[in-house]
Amino acid sequence: MSKITTISAALLMATLTAHATPVNYSAYEKQAKQIVDNMTLQEKIGQMTLPPVNMLVDKNYNIIPGTVNRYALGGVIVAGSGTPIHCNKVTCEARNDGYPGGFLHASMTNWQAMSALFNRQSVKVTLKDQGNTVYIHPLMGTDAVHGDQHVLGSVLFPQNIGMAATHNKQNAYNEGYWMAQSVRNSGFNWAFAPTIAISHNPQWGRSYETMGSSPMEAAINAKAFVEGAQQASDNGITGVLATAKHWLGDGATYHGVDEGNVAKMTNMSRFLEVNTKGYAGAIDGGVGSVMVSYSAVNQLPMSIHTSLLDTLRTGEYDGHTYMQPFTGLMVSDYGAIDKVAYQRLPATNMHISYDKALALSTNSGMDMYMIAPFAHDYHTVADFQNVLTRLVKEKQIPMTRINDAVTHILEVKYAMGLIQDAQGQPLGGHVNQPIATDPNNNVAAKAALQAAEQSLVLMKNQTPRGHKVLPLNTSQLKYIILLGQHDYSYTQNNHTYKIHSNLYDNVGVENGGWTLRWQGFETNRYWLGNNKKSSHASTILDGVKQFTQGHNIKILQEPEGALPKDMNAANTVVIAVTAEATYAEFMGDVGNPACFNNPTDTSNGCLYNGHNSTYQPQQQAKDLSIDLDNKSQTILKTIREQDKNVPVVNILFSGRAMLANHLMSNGDAFIEAWLPGVTGGDAIANALFGKYHFCNGQCDANSPNRLPVDWPSQSTDLQNYPIYNDQ
């Protein structure tokens, strides 16, 4: 593990303004090819293999020693819900959809202990013509959609859609930088971020992972994030390897269906002009890896889309140049080749063998494969490697393509200092940089808070009488009424637990999916005590309490029954919170036609069917309508019966633009808060009480706090596809 040093906060903030030098991975081509020429086929196949930790454990979840050496692995990843039980064990999927205790062990210390078991291993290759030996260490990959999300107590930034609403590339840079510091500290070196998709249709379950609907802003933010994350210089990557994802067009699928198809698209030039912009920015920033999408273009899955994978490498299509050539490594998504072979819809109707899919993908330019335990044709690392080896020996994949893939991987590893001599010194001129510590996460939290504040969008601030509600004046208030809840249940060990979740006191809801686990968590279960302190987590209730201290103001939470008799419009404000339940990927899709034709059919293109999330209903929603929960509406009606002019501030936590007409009309102020991260409560309270001023006091084309996407007022406003055609 890299040495950790303490740097002053002033110096750290200065570092965040110094943009890095992009890495030229091709500069390491000669050294990489020299190693490749001395590797066995087994070692080459090993470098192309990227399993999750849960494929490297025994039946008791003990990590099997020596797996990097045994399989010559190019890297190891954490699955979407991976977490260490303790220093030498891991459970890679939640055992239930409630509150599995394993996540309470996902501390920085336990991640360090687990990652060290792999980082101590290396693949030894002797260079026969030189007589010396090199040691190739593994890439250690982890999801980092909005920060170092797998580490309990880490600082998490707003999800990308909120970052886009800041219209401030410095926030993207800061997020990349602080994510990288935490990831490095945990013993990992590869972050699967940023997502660079363009937001076309808010019905898509990954809308919150996009950088908005402006291709140019996506390019600017992608470049800034990559520079912050990789901290590259002439000495190579001194931060973590960033990953631009998911190539290409995953945000432009028909009906916004996740893992779907960019359908009937005939104007490829326009499609590429819009959807490659973010990648152009990331490549300008020197991004070292690109992850290929599950989705398809004209029903050809991206993992085997030879012409578009070639566009990534060359930057060109049909004689037109869209970006600089990409010289890093190309990696598949989790179990993607299995999906190409067997999933069919929603991406495509084609059905081919796994062997053919793997051969087509490799020959199309894929360098490294995330394999998965759910695969049809292999169940172990050895099984997968045997399939790939056989395809090479049968000449379905030429050795030149294998050599090319491994060269790309080793070029990136040279840039990262992962290829070392016998004394453990990095080759290729790499100079390790110490990890900059941030005592108590104070500076990281300050950066996250700035991003959260600048992400909030004030969409309404006027009573029927023409008065502004915000900012709130504590000297005039006597009562603050908090409304908003989400009740749900989950079953564990044959027992059903019913949970009452207050949305105004809910760190999990403020963060959404990709938070500790794939689907995220609601409530404050994982943000208590030291974990809350370390992450600087705050809820709206926490934030409001900070502003009411020292004032004679009572906070009433979901008051039922008689209200204070002296409550009136002059001394009371209602803060009503509405939120989407947490979700990730296809579990957040809305309006997929396949989900309503035959809800029990899991083969018709509705990936939502057949999966379970505690927070999602059994049937996918048909539209994006959202409103305050029924109980809160009843309480609000009682309040207005006492005084119809009591002002109401509606706050919405969502990963996308919603059909929120009732919230807009049935309140006096409306804040779209997106998914603001762990500091979201403080950010919202600062905006409510005027410590932070929206748009820095003046909303214009260059200010923060502006919508990053169009806001629909009715279902017919939602864009439908195809749109990339010649008509």
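When volume of the Cα convex hull per residue in Å³ is calculated for this entry, the matching label among (1) 155; (2) 371; (3) 245 is (1). Report note on the peptides 165-172, 660-667, 269-276: ranked by the mean count of other C-beta atoms within 10 Å, highest first, their order is 165-172, 269-276, 660-667. Full extension of the chain between residue 664 and residue 623 yields a length gain of 13.0 nm, computed as 0.36 nm times the residue separation minus the alpha carbon distance. Each of residue 440 and residue 109 was given a label point 7 Å from its Cα along the Cα-to-Cβ line. The distance between the two points is 2.0 nm. Computed extension gain for residue 638 through residue 693, at 0.36 nm per residue and net of the alpha carbon distance, reaches 16.6 nm. Modelled spin-label separation between residue 631 and residue 463, with each label point placed 7 Å from Cα along the Cα-to-Cβ direction: 2.9 nm. The modelled label-to-label distance for the pair residue 560/residue 350, using points 7 Å beyond Cα in the direction of Cβ, is 5.7 nm. Only aspartates and glutamates eight or more places from residue 478 in sequence, or on another chain, were considered; those with a Cα closer than 20 Å are 542, 558, 560, 566, 641, 643, 668. Taking the C-alpha atoms only, the angle from helix 354-364 to the longest principal axis of the chain is near 80 degrees.
With all protein chains in place and ligands, DNA and RNA left out, the 1.4 Å accessible area ranks 611, 150, 408 as 611, 408, 150, largest first. Just going by the charge dipole of the chain, with Lys and Arg at +1 and Asp and Glu at -1 on Cβ, which of 516, 49, 164 is farthest out on the positive end? Result: 516. Label zone of residue 24 (point 7 Å out along Cα→Cβ, amide N under 17 Å): in segment 404-444 this covers 411-412, 414-416, 428-430. Between the beta carbons of residue 491 and residue 425, assuming R0 = 45 Å, the FRET efficiency works out to 0.25 to the nearest 0.05.
For the pair residue 570 and residue 612, a Förster radius of 41 Å applied to the C-beta separation gives a FRET efficiency near 0.25, rounded to the nearest 0.05. For segment 382-471, the alpha carbon convex hull comes to 299 Å³ per residue, rounded to a whole number. The charge dipole of segment 486-553, taken about its Cα centre with unit charges on the Cβ of Lys, Arg, Asp and Glu (plus for the first two, minus for the last two), comes to roughly 200 debye.
For segment 472-574, what class follows from the C-alpha gyration tensor (a ≥ b ≥ c being the square roots of its eigenvalues): rounded when a/c is under 1.5, otherwise prolate if a/b is larger than b/c, else oblate? Because a/c hits 1.5 or more and a/b fails to exceed b/c, segment 472-574 counts as oblate. Taking the average, over residues, of other Cβ atoms within 10 Å as the packing measure, peptides 77-83, 35-41, 357-363 rank 77-83, 357-363, 35-41 from highest down.
I'd like the FRET efficiency for residue 716 and residue 306, computed as 1/(1 + (r/R0)^6) with the beta carbon distance as r and R0 of 35 Å, rounded to 0.05.
0.40
Place a point 7 Å from the Cα of residue 126 along the Cα-to-Cβ direction; which residues of segment 24-42 have their backbone N under 14 Å from it? Only 38-40 pass the distance filter. In terms of the mean number of neighbouring beta-carbon atoms within 10 Å, the peptides 616-629, 476-489 order highest first as 476-489, 616-629. Look at where the Cα atoms of segment 440-468 and of segment 255-328 average out, and the two centres are 35 Å apart. Excluding residue 543 itself, calculate the net charge of residues whose Cβ lies under 14 Å from the Cβ of residue 543, where each Lys or Arg counts +1 and each Asp or Glu counts -1. Its environment carries a net charge of -2.
Taking each residue as 0.36 nm, the span from residue 598 to residue 376 lengthens on full extension beyond its C-alpha to C-alpha distance by 77.4 nm.
This model, with +1 at the C-beta of Lys and Arg and -1 at the C-beta of Asp and Glu, gives segment 330-388 a dipole about its Cα centre of some 180 debye. Within the assembled protein chains, the solvent-accessible surface assigned to residue 206 is about 10 Å², based on a 1.4 Å probe.
What is the sum of charges around residue 609, taking Lys and Arg as +1, Asp and Glu as -1, for the other residues whose C-beta is under 15 Å from the C-beta of residue 609? For residues surrounding residue 609, the net value is -3. Measuring between alpha carbons in the structure, the pairs from 44/413; 169/223; 223/277; 446/532; 498/533 lying more than 18 angstrom apart are 498/533. Farthest toward the positive end of the dipole of segment 383-492, out of 391, 424, 483, is the Cα of 483, where the dipole comes from beta carbon charges about the Cα centre. Relative to the Cα centre, the charge distribution of the chain, modelled as +1 at Lys and Arg Cβ and -1 at Asp and Glu Cβ, gives a dipole magnitude of about 1020 debye.
Note on surface exposure: 710, 505 rank 710, 505 by accessible area, highest first, 1.4 Å probe. Counting Lys +1, Arg +1, Asp -1, Glu -1, what net charge surrounds residue 43 among other residues with beta carbon under 12 Å of its beta carbon? After counting each charged neighbour, the total is +2. Taking the charge dipole of the chain about its Cα centre, with +1 at Lys and Arg Cβ atoms and -1 at Asp and Glu Cβ atoms, the residue from 604, 38, 571 reaching farthest to the positive side is 571.
The values are calculated or read from the model by the stated rules, or taken from the named source; none is laboratory data. Please read these numbers as outputs of a predicted model, since none were measured by experiment. Cβ sites come from the backbone with ideal geometry, for glycine too, and all protein chains shown count toward neighbours. We work out accessible area using only protein heavy atoms, side chains counted, and drop any ligands, DNA or RNA first. Shrake-Rupley method; radii C 1.70, N 1.55, O 1.52, S 1.80 Å.
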